[in-house]
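Student: Sharing a structure, written as structure tokens. Questions coming.
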Amino acid sequence: MSPAGQRELLDTLLGQTAIEADQSLAPTLRRKPRKVRGFKIRMDLLHVKPPIWRRLILPGDLTLNLVHVVLNEAMGWTDSHLHRFRTGNDPYAPHFITEFDLEEGDRGVLEDDVRLDQVLAKVGDKLWYDYDFGDGWEHVIKVEAVLPDPPDEVELVTGRRACPPEDVGGPWGYQGVAQWVDGGYDKALLPDQFDDAKHAREWLPIGWHPATFDLEVARDAVRSALEAAEDE
């Protein structure tokens with residue numbers, strides 16, 4: 001079946017509560033609620049210490065492809081790698097496919113057609129967000145509050161600690177880099193993935209420190225990226 005044919009089939013199937021485009025992988029979706037509400041969510045980056053997290057307020061009718069844009073910018077990633085939303089803690093849990101997956105011939109539920117309020121509904125509900133399958137960054141999104149009305153715009157409320165540098169080797173690689181920077185760039189703490197201190201400094205973003213999170217810079221990045229994505 002052509003990609004256009006696959007998309008048409010998926011659009012038809014999305015009207016059902018349980019999507020059966022691929023019975024073994026398709027997530028189960030809730031029906032779209034009649035009233036759009038807001039969600040206060042917290043996103044935590046898994047397998048790192050101290051915790052790295054962001055708190056946001058999102059409208060329930062935001063589609064997952066735009067949720068990706070928001071989360072990527074709020075965390076501080078550069079959107080230079082693939083991503084995926086899944087519905088369980090297991091890396092092999094049912095997941096939603098992206099436009100890239102669709103072009104590669106994968107079958108499933110396209111994230112562009114799924115609203116946030118079709119996967120989250122009440123306090124405590126969770127959704128998992130993976131970024132950069134090579135480094136293996138995993139995030140969990142948890143509903144902290146359901147608001148009676150959606151926000152007028154996406155709001156990044158607060159957060160803690162800097163996003164890890166891209167391509168640093170996942171949580172294990174990040175821990176070494178964070179310790180080296182926290183330790184004042186001590187030669188004895190230089191991470192193994194770098195040839196020398198010069199190589200490491202050139203690799204890190206300018207001014208990067210693991211404890212520093214600039215809320216206003218992140219808010220501007222979220223706003224700009226979301227406006228650009230909505231204009232496409």
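The values are calculated or read from the model by the stated rules, or taken from the named source; none is laboratory data. Note that this is a predicted model, so its numbers are computed, not measured. Cβ: placed from backbone, ideal geometry, glycine included. Neighbour counts: every protein chain shown.
Student: Cβ contacts < 6 Å: first residue more than 14 Å from L71 (Cβ to Cβ), restricted to region 212-223; second residue surrounded by 18 or more Cβ atoms within 10 Å (Cβ to Cβ), any location; separation 6+ or different chain. Result?
Tutor: Note: pairs meeting the criteria are T212/A162; F213/G159; F213/R161; F213/A162.
Student: What is the number of the single condition among (1) outside any strand (DSSP E or B); (2) modelled with pLDDT of 90 or more that T12 does not meet?
Tutor: Among (1) outside any strand (DSSP E or B); (2) modelled with pLDDT of 90 or more, T12 violates only (2).
Student: Next question, about the same structure. Scan region 95-131 residue by residue and report those that are surrounded by fewer than 18 Cβ atoms within 10 Å (Cβ to Cβ) and in a loop (DSSP other than H, G, I, E, B).
Tutor: E104, G105, D106, R107, A121, K122, V123, G124, D125
Student: Quick check: anything in region 136-145 part of a loop (DSSP other than H, G, I, E, B) and surrounded by 17 or more Cβ atoms within 10 Å (Cβ to Cβ)?
Tutor: Checked region 136-145: no residue is part of a loop (DSSP other than H, G, I, E, B) and surrounded by 17 or more Cβ atoms within 10 Å (Cβ to Cβ).
The rows are residues; the columns are (1) surrounded by 13 or more Cβ atoms within 10 Å (Cβ to Cβ); (2) closer than 15 Å to E166 by Cα; (3) hydroxyl-bearing (S, T, Y).
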| residue | (1), (2), (3) |
| --- | --- |
| T212 | no, no, yes |
| D220 | yes, no, no |
| L226 | yes, no, no |
| A229 | yes, no, no |
| E232 | no, no, no |
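Student: Could you please let me know if D132 is at pLDDT 95 or above and within 21 Å of the chain's Cα centre (by Cα)?
Tutor: yes
Student: Follow-up. Within region 146-172, take every residue that is farther than 30 Å from I206 by Cα and touching a Pro at 6+ places or on another chain (Cβ under 8 Å) and give me the one that is surrounded by the fewest Cβ atoms within 10 Å (Cβ to Cβ).
Tutor: Among residues in region 146-172 that are farther than 30 Å from I206 by Cα and touching a Pro at 6+ places or on another chain (Cβ under 8 Å), the one surrounded by the fewest Cβ atoms within 10 Å (Cβ to Cβ) is P151.
Student: Find the residue count for region 51-86, including only residues that are in contact with a Pro (Cβ under 9 Å, 6 or more places away or on another chain), closer than 18 Å to G108 by Cα and either surrounded by fewer than 22 Cβ atoms within 10 Å (Cβ to Cβ) or not aromatic (F, W, Y) (or both).
Tutor: Number of matching residues: 1.
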